[in-house]
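Undergrad: Quick one: the structure is below, questions incoming.
The values are calculated or read from the model by the stated rules, or taken from the named source; none is laboratory data. The structure presented is a predicted model; accordingly, all values stated were derived computationally and were not measured. Heads up, the Cβs are rebuilt from the backbone with ideal geometry, glycines too, and the neighbour counts pull from every protein chain shown.
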């Protein structure tokens, strides 16, 4: 469902019976500002803010995708030029030329000749083309029926343009854009709209009949070029011979309905005839939202609502809004015992992120400490949960770390809310997804708590996290803020 960024509204429980438990997740009443887990694609419909930005985040085990394949009906009409092309998905439909690091066992040529089914006359011949790891330059020679020829060079740019703004695709020789791609080995689409197909023109003699087109790669070390078709503008040009690969899958198994990848990996195009393209990932987060860490703690995360606090250090994204500070009001009111602690399920974009933490107690007092959250991609050995990420597509690897970061509030005091402040100047984005209490009590069903306006000062810490007294000189952290004690 499409979600709008809203702050959750606090509400009263009325006269509910209270109860206590020794350990467990602490439920948050309000304060979450982000949804960082996508259960579907396009992720802009499922994420709010994301981790690094609005289109970068985590995903669930099952991901609902939109079929962004090539159209089922032919001819295809180029978006900007209006040129017409035919692609037959049921047979070889492309001339795939050699790439610098093709898969073992493949033997693609450096050149090829496309023979036309019927000679055509035109003042301009269009080549429908695509290139993995572009750009690539090709030499093109158009042969006429009388034995003469015309030649020229074309450059095929890379097949990737992730912009969703149509204006960013115009004037760039893009015939079509907004496509997805699928892996021949794993059968999984990437879940993107970033693949484009280009069209390049060769000027020809309009009085002569074209019978064939010779295409040669000028530098074998650059890119993976593929020619998908020819056009005379308003007339698709049918190729009788010369195609050596099928690069568009119209059915499953993908490996049986395509024969060659479009780059050094296993990516091919697919058509809308493929139907449902939902995927089940290996490293997505559990569908039920019960995230179990290596320490066997369970955090319940609701993927369909705001489920995290995102703390941006530099506030450059929306300068008029302070996104570096947030307060989580707790539905459960934990009390930490002398031997207890609080764990945060957390991660950080552009990390590590250093977060000031202020515990606001029900008696009106507070205490301050800080936590350090490692970067989400660089500390897998420390990760409590290893998962995948959406970063320009579904990256289904155990590449991302969610961490359990331990902290120690004052013992034997009931916590009403927790204030976080990302004070670092490194553009980090601290993400808090869950809170867990060990060795203490969690009291629920509290009708109302009134916090005094004049809160007592909490403890003072040096930047190493040690408690210091008033005689300490230097940088200190107090009540969630850094100060210089002189």
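Undergrad: What do you reckon, is residue 188 farther than 17 Å from residue 268 by Cα and at pLDDT below 95?
TA: No.
Undergrad: I want to confirm something. Restricting to region 14-41 and keeping residues that are in a loop (DSSP other than H, G, I, E, B) and within 12 Å of the chain's Cα centre (by Cα), which single residue is modelled with the lowest pLDDT?
TA: 41
Undergrad: How many of the residues in region 415-436 are surrounded by fewer than 18 Cβ atoms within 10 Å (Cβ to Cβ) and in contact with a strand residue (DSSP E or B) (Cβ under 9 Å, 6 or more places away or on another chain)?
TA: Applying the first criterion (surrounded by fewer than 18 Cβ atoms within 10 Å (Cβ to Cβ)) to region 415-436 yields 423, 425-427.
Narrowing the set further to residues that are in contact with a strand residue (DSSP E or B) (Cβ under 9 Å, 6 or more places away or on another chain) leaves 423, 426-427.
The qualifying residues number 3.
Undergrad: Looking only at region 112-139, count every residue that is outside any strand (DSSP E or B) and over 28 Å from residue 101 (Cα atoms) and tell me the total.
TA: So the answer is 3.
Undergrad: Also, I was wondering about something else. Among (1) in contact with a strand residue (DSSP E or B) (Cβ under 7 Å, 6 or more places away or on another chain); (2) over 30 Å from residue 38 (Cα atoms), where does residue 207 come up short?
TA: (1)
Undergrad: While we're on this one: Whether any residue in region 280-298 is closer than 24 Å to residue 107 by Cβ and assigned to a strand (DSSP E or B) is what I want to check.
TA: Among the residues of region 280-298, not one is closer than 24 Å to residue 107 by Cβ and assigned to a strand (DSSP E or B), which makes the answer no.
Undergrad: While we're looking at this one, here's another question. Could you list all residues from region 353-373 that are surrounded by fewer than 19 Cβ atoms within 10 Å (Cβ to Cβ) and touching a strand residue (DSSP E or B) at 6+ places or on another chain (Cβ under 7 Å)?
TA: The answer is 362, 372.
Undergrad: From the list 132, 105, 112, which one is farther than 30 Å from residue 205 by Cβ and surrounded by 18 or more Cβ atoms within 10 Å (Cβ to Cβ)?
TA: 132
Undergrad: Given the conditions (1) crowded, with 19+ Cβ neighbours inside 10 Å; (2) over 22 Å from residue 312 (Cβ atoms), report the number of the one that residue 439 does not fulfil.
TA: Condition not satisfied by residue 439: (1).
Undergrad: Does residue 399 count as in contact with a strand residue (DSSP E or B) (Cβ under 8 Å, 6 or more places away or on another chain), at pLDDT below 95, surrounded by 24 or more Cβ atoms within 10 Å (Cβ to Cβ) and within 30 Å of residue 161 (Cβ to Cβ)?
TA: No, not satisfied.
Undergrad: Residues that are in contact (Cβ under 8 Å) with a residue 60 or more places away in the chain and surrounded by fewer than 20 Cβ atoms within 10 Å (Cβ to Cβ): list the strands (runs of 3 or more DSSP E) wholly contained in region 140-241 that include at least 1 such residues.
TA: Those strands (runs of 3 or more DSSP E) span 149-156, 174-179, 195-203, 210-217, 239-241.
Undergrad: Taking the stated definitions as given, is residue 92 assigned to a loop (DSSP other than H, G, I, E, B), in contact with a helix residue (DSSP H, G or I) (Cβ under 8 Å, 6 or more places away or on another chain) and surrounded by 15 or more Cβ atoms within 10 Å (Cβ to Cβ)?
TA: When the stated conditions are applied, residue 92 does not pass them.
Undergrad: Looking only at region 42-58, which residues are closer than 16 Å to residue 191 by Cβ, touching a strand residue (DSSP E or B) at 6+ places or on another chain (Cβ under 6 Å) and assigned to a loop (DSSP other than H, G, I, E, B)?
TA: 46, 47, 50, listed by residue number.
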